[in-house]
1. Of the residues 97, 62, 41, 102, which is surrounded by 14 or more Cβ atoms within 10 Å (Cβ to Cβ), in contact with a His (Cβ under 9 Å, 6 or more places away or on another chain) and more than 20 Å from residue 203 (Cα to Cα)?
2. Residue under question is residue 45, and the condition is that it be under 23 Å from the mean Cα position of the chain (by Cα) and within 23 Å of residue 240 (Cα to Cα); does it hold?
3. Tell me which of these residue 22 doesn't satisfy, since it passes every other one: (1) farther than 30 Å from residue 159 by Cα; (2) more than 20 Å from the chain's Cα centre (by Cα); (3) in contact (Cβ under 8 Å) with a residue 40 or more places away in the chain.
4. Can you tell me how many residues within the stretch 142-174 are more than 19 Å from residue 197 (Cβ to Cβ) and crowded, with 21+ Cβ neighbours inside 10 Å?
5. Is it fair to say residue 183 is within 30 Å of residue 91 (Cα to Cα), assigned by TED's automatic domain parsing to the domain that holds residue 260, surrounded by fewer than 22 Cβ atoms within 10 Å (Cβ to Cβ) and not hydroxyl-bearing (Ser, Thr, Tyr)?
6. Is one or more of the residues making up the stretch 73-85 of a type in the set (Gly, Ala, Ser), assigned to a helix (DSSP H, G or I) and closer than 25 Å to residue 252 by Cβ?
7. Kindly indicate which of 232, 243 is within 17 Å of the chain's Cα centre (by Cα) and either in the same structural domain as residue 196 (by TED's automatic domain parsing) or modelled with pLDDT of 95 or more (or both).
8. Just give me the residues in the stretch 141-166 being at pLDDT 85 or above, part of a helix (DSSP H, G or I) and under 13 Å from residue 94 (Cβ atoms), in sequence order.
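The values are calculated or read from the model by the stated rules, or taken from the named source; none is laboratory data. Predicted model, so just to flag it, every value in this text is computed and none were measured. Cβ placement follows ideal geometry from the backbone for every residue including glycine, while neighbour counts extend to all protein chains displayed.
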Amino acid sequence: MSSALVRRRAVDRLMTALAAVAVAVALVPLASVLWLVVSRGAAGLSWAFFTHLPTPVGEPGGGIGNALVGTLYLVGLACLIGLPVGIGAGVYLAERGDSPIGRGIRFTADVLSGVPSIVVGVVAYGLIVVPMKRFSAIAGAVALAILMVPTLARSTEELVRLVPGALREASLALGVPEWKTSLRVVLRTALGGIVTAVLIAVARAAGETAPLLFTALNNQYWNLKPDQPTASLTVQIFNYAISPYEDWHAKAWTAALVLLLLVGSLNLLARFLSRSRLRSQR
């Protein structure tokens, strides 16, 4: 065996070992955080914790039912606002992205994707909360929708561009209008990947705290009115965590575990759909 081949194999094994060490180093803090949340939050899980309202300091029991429903409510409103805008922008970028307007939309999406979420919250506060003179679910949903749009737009653009041009040309050759071709042929073909992108955007919105502090604020009671302050899991965890009470700290760990399970489930579902889509294309 030549010395060059021995050297190449040695370098290959060394780099493989270094990569494995890097992966292990990256997994240590992740595993420690997961273990900390699970070990401290699992004891508080109960049916009452998911269905009851928060209790005042010193009273036993209580839960995060209003915050859990509020998170689903806020994310649902954000999807109603953000999904049409984000997916529509992505389709436009894929079809007309080389135009000056398309380049401007793409640049705006890239800039928004890097803007801190707290800045988005301040903007939503100035645009919605100040004119309405109250915190509201609408303001929180708008802030979350703004965070969702860049991810949806860029992901949809890339997925639509992956659709074979022959499908578009065949539809146009049959006399189908271009807008119907985009909606019924191109968009339907890329639907599996777009659903994955939607789940990722929803997972990010569900885990945001800073924008909701300036917009939806919080509510200790049940609320489904869009023009009123609304509770959310992230803000509830924040309020519990900064309090000086041990009971609220324990509830914060349990609520953090619930949020972790919610966001993790969405990410796992997105990963499963992505793999299923890749397998179906083979």
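1. On inspection, the qualifying residue turns out to be 62.
2. no
3. Going through the list (1) farther than 30 Å from residue 159 by Cα; (2) more than 20 Å from the chain's Cα centre (by Cα); (3) in contact (Cβ under 8 Å) with a residue 40 or more places away in the chain, residue 22 breaks only (3).
4. Residues in the stretch 142-174 being more than 19 Å from residue 197 (Cβ to Cβ) and crowded, with 21+ Cβ neighbours inside 10 Å: 2 in total.
5. In short, yes.
6. yes
7. Of 232, 243, the one residue that is within 17 Å of the chain's Cα centre (by Cα) and either in the same structural domain as residue 196 (by TED's automatic domain parsing) or modelled with pLDDT of 95 or more (or both) is 232.
8. Matches in the stretch 141-166: 152, 153, 154, 155, 156, 157, 158, 159, 160, 161.
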